Amino acid sequence: MSDQDDAYVYDEVTGEWRPASEMAAAEASAAEVRDASGNLLADGDSVVLVKDLKVKGAGQTLKQGTLIKSIRLTDNPEEIDCRHDAIKGLVLRTEFVRKR
């Protein structure tokens, strides 16, 4: 038997000790990031905006249909980190993008 089989992790949500392999599987399924159409997103994907977005702090509006290349997933499954030519450090909500 490996150490992974014997390892247990305390689940703060349920208040129980659960096998580490079970907890890892639960975290992996909970971390799925989906776009506005329900498609699964991954690091490096390209997305298109589904509506016009006013960018706070930049004084610009990104138009519907704008292509955003090479996204990065964040800890929050509702947000993605990306770069645009005119705006650096752009974080978009997944409800406003569609996978290309």
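Of note:
- In segment 87-100, the residues that are free of Cβ contacts under 8 Å to residues at least 24 places away in the same chain and assigned by TED's automatic domain parsing to the domain that holds Gly65 form Cβ pairs under 6 Å with partners that are surrounded by fewer than 12 Cβ atoms within 10 Å (Cβ to Cβ) and in a loop (DSSP other than H, G, I, E, B), at six or more places apart or across chains, as follows: Arg93/Glu78.
- Qualifying residue in segment 56-68 (condition: exposed (fewer than 14 other Cβ atoms within 10 Å of the Cβ), β-branched (Val, Ile, Thr) and at pLDDT 90 or above): yes
- Output for segment 58-100, where each listed residue is within 15 Å of Ser46 (Cα to Cα) and of a type in the set (S, T, N, Q): Gln64, Thr66, Ser70, Thr94
The values are calculated or read from the model by the stated rules, or taken from the named source; none is laboratory data. Computed from a predicted model, the values in this text were never measured in an experiment. Ideal geometry is used to build each Cβ from the backbone, glycine not excepted, and the neighbour counts take in all protein chains shown.
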